[in-house]
Amino acid sequence: MDNGNQRRFESVYSKKVRAGKRRTYFFDVRRTKGEDYYLTLTESTRKFNGEGYERHKIFLYKEDFNRFLEGLQEAIDHIKADLMPEYDYDEFARRHEEYDSEYDGVEDDETEFERPEEKPAKSDQKAKLDSEDDMEW
């Protein structure tokens, strides 16, 4: 890839959000060739057979930021207030904290820049993690 194409997709900020043992979200701010910025939202899900990842991307442009955020917040608020008001949504935050503290320091084999075929062999502890179901932790 030449420098022009590399610059076109240059990542200037990245936020990784783990969502269980099999799913990770990436929020990447990228710079265009014309010095503009946009956001890519990527859901990366480890395949059940352990052979790679499925990825889904959304490209979000600055002119849509406010409407997208408003729509997302309205949909979430509707679920929380109208459809499932009794549910304890903070339960997930507590479970994520427990999971992160339990497996802190375990090498994570999914990053924004790596592709599944380029990943190093998994440690025994990480392999154990991979075999567990998302919602058991």
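The values are calculated or read from the model by the stated rules, or taken from the named source; none is laboratory data. Computed from a predicted structure; not experimentally measured. Here the Cβ positions follow ideal geometry from the backbone for every residue, glycine too, while neighbour counts run over all protein chains shown.
For every residue, the table says whether it meets (1) within 18 Å of the chain's Cα centre (by Cα); (2) at pLDDT below 75; (3) part of a loop (DSSP other than H, G, I, E, B); (4) among the aliphatic types (A, V, I, L, M).
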position: E51; (1), (2), (3), (4): no, no, yes, no
position: H56; (1), (2), (3), (4): yes, no, no, no
position: F65; (1), (2), (3), (4): no, no, no, no
position: L69; (1), (2), (3), (4): yes, no, no, yes
position: L72; (1), (2), (3), (4): yes, no, no, yes
position: D77; (1), (2), (3), (4): no, no, no, no
position: R95; (1), (2), (3), (4): yes, no, no, no
position: E110; (1), (2), (3), (4): yes, yes, yes, no
position: D130; (1), (2), (3), (4): yes, yes, no, no
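Out of the residues in region 1-28 meeting the condition of being among the basic types (K, R), modelled with pLDDT of 80 or more and not in a strand (DSSP E or B), tell me which one is surrounded by the most Cβ atoms within 10 Å (Cβ to Cβ). Break it down stepwise before answering.
Applying the first criterion (among the basic types (K, R)) to region 1-28 yields 7-8, 15-16, 18, 21-23.
After this cut, where a residue has to be modelled with pLDDT of 80 or more as well, the list is 15-16, 18, 21-23.
Next, from what is left, pick out any that are not in a strand (DSSP E or B): 21-22.
Numbers: K21: 18, R22: 20.
For region 1-28, the residue satisfying everything is R22.
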